[in-house]
Structures are given as structure tokens and as C-alpha cells.
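Below are the C-alpha cells for one structure; questions will follow.
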């Protein structure tokens, strides 16, 4: 069934387009095609020690549900530990970051609102060569999609 902006759908466990985004395995559950760009939903599998650096969104809010694992969270000036079953809200304009601090891969389910911007953003990040990414290129891709990576000054 389709409305003017979205298509009703069911995405079964284990289904969805898979991307490697900066070392994380991303399974896209709902893209802008299904939601009319209103939401973008993906499952993220994060290896131990890996995370995303502090950054700020100009356009999107993110809601994250911890399916499995333990994550260090930076949200504004505060730090938290999020564990299995916790929900995290990263509103736009608030600096945020996360890192898997557990001993095994962590799994999170993300909803990005609005979601129309994220599909191309992840496609570009997913197209980067495997291995340690060129930070300058990553920063440029973030900026292209309305996000600023906060690089600490030494």
C-alpha cells in the first residue's frame, strides 16, 4: 500500500541493503523510498572500540536503541554509558558521539528524522576504500550533508 509519501512495508530480520560505513556494518531497514524521506532506519553493528567522532547535525535528529552491547555516549557536555535496552536521543544542533566500549560487537537500531539526506550520505561513506579512512575526506562528506565533525584542537 502506498500513500502520497511512503510505502507500507515489512523488512524481515536479516533483510536490507548492507553497507560498510567507516568500519561499521550498516543494514538499511527503511530508506527514503519507503518513507518518502521522513525517516531513515538502519541497524548498525559496531566492532569493539569503534565509534563515530563528535559531530553536529544541522538537519536531522537521531534516535538510537541499543539492541546489544555497551556504548560510551557523548551528548553535549555530558558523558553516559548506554547498555542493552537503552534509548538515546541525539537532537540536531547538539554535539554527540558514541563508541563501543564492550568486548564484542554491539548492535544498535537507528532512526533518523528526517531521513532523506542520510541515504546518499551513507552511500558516499560506504564507497570509501577499506581500512583507515582519510579524515579530510570524511570531514568533507559530513559537511556536504549538513554535519560538522568536531576535531579537537591540540
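Just to be sure before I move on: is residue 35 touching a residue at least 60 places away in the same chain (Cβ under 8 Å) and either under 12 Å from the mean Cα position of the chain (by Cα) or farther than 20 Å from residue 148 by Cα (or both) in the structure I sent? Step through it out loud before you land on a result.
Values: touching a residue at least 60 places away in the same chain (Cβ under 8 Å): yes; either under 12 Å from the mean Cα position of the chain (by Cα) or farther than 20 Å from residue 148 by Cα (or both): yes.
Spelling it out, residue 35 is indeed touching a residue at least 60 places away in the same chain (Cβ under 8 Å) and either under 12 Å from the mean Cα position of the chain (by Cα) or farther than 20 Å from residue 148 by Cα (or both).
Another question about this same structure. Inside region 84-103, can you point out the residues that are surrounded by 13 or more Cβ atoms within 10 Å (Cβ to Cβ) and over 16 Å from residue 56 (Cβ atoms)? Steps first, answer last, please.
From region 84-103, those surrounded by 13 or more Cβ atoms within 10 Å (Cβ to Cβ) are 84, 86, 88, 90-92, 94-102; that's our starting set.
Within region 84-103, 84, 86, 99, 100, 101, 102 meet the criteria.
Another question, then. Examine region 57-68 for a residue that is at pLDDT 95 or above and in contact with a helix residue (DSSP H, G or I) (Cβ under 8 Å, 6 or more places away or on another chain), and state whether such a residue exists.
yes
Could I ask something else about it? Would you mention how many residues in region 63-83 are under 15 Å from residue 148 (Cβ atoms) and surrounded by 14 or more Cβ atoms within 10 Å (Cβ to Cβ)? Steps first, answer last, please.
Of all residues in region 63-83, those under 15 Å from residue 148 (Cβ atoms) come to 74, 76.
From what's left, surrounded by 14 or more Cβ atoms within 10 Å (Cβ to Cβ): 74.
Total meeting the criteria: 1.
Residue-wise test of (1) surrounded by fewer than 20 Cβ atoms within 10 Å (Cβ to Cβ); (2) over 20 Å from residue 123 (Cα atoms).
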| site | (1), (2) |
| --- | --- |
| 6 | yes, yes |
| 9 | yes, yes |
| 13 | yes, yes |
| 17 | yes, no |
| 24 | no, no |
| 27 | yes, no |
| 33 | yes, no |
| 36 | yes, no |
| 40 | no, no |
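Also: For region 104-137, what are the residues that are surrounded by 18 or more Cβ atoms within 10 Å (Cβ to Cβ) and over 20 Å from residue 31 (Cβ atoms)?
Within region 104-137, 106 is the sole residue that qualifies.
Could you check region 93-154 for strands (runs of 3 or more DSSP E) lying wholly inside it with 1 or more residues that are touching a helix residue (DSSP H, G or I) at 6+ places or on another chain (Cβ under 8 Å), modelled with pLDDT of 95 or more and more than 15 Å from residue 46 (Cα to Cα)?
Working: elements: 96-100, 106-113, 147-149.
Answer list for region 93-154: 106-113, 147-149.
The values are calculated or read from the model by the stated rules, or taken from the named source; none is laboratory data. Keep in mind that what you see is a predicted model, and the values were worked out from it rather than measured. Cβ: placed from backbone, ideal geometry, glycine included. Neighbour counts: every protein chain shown.
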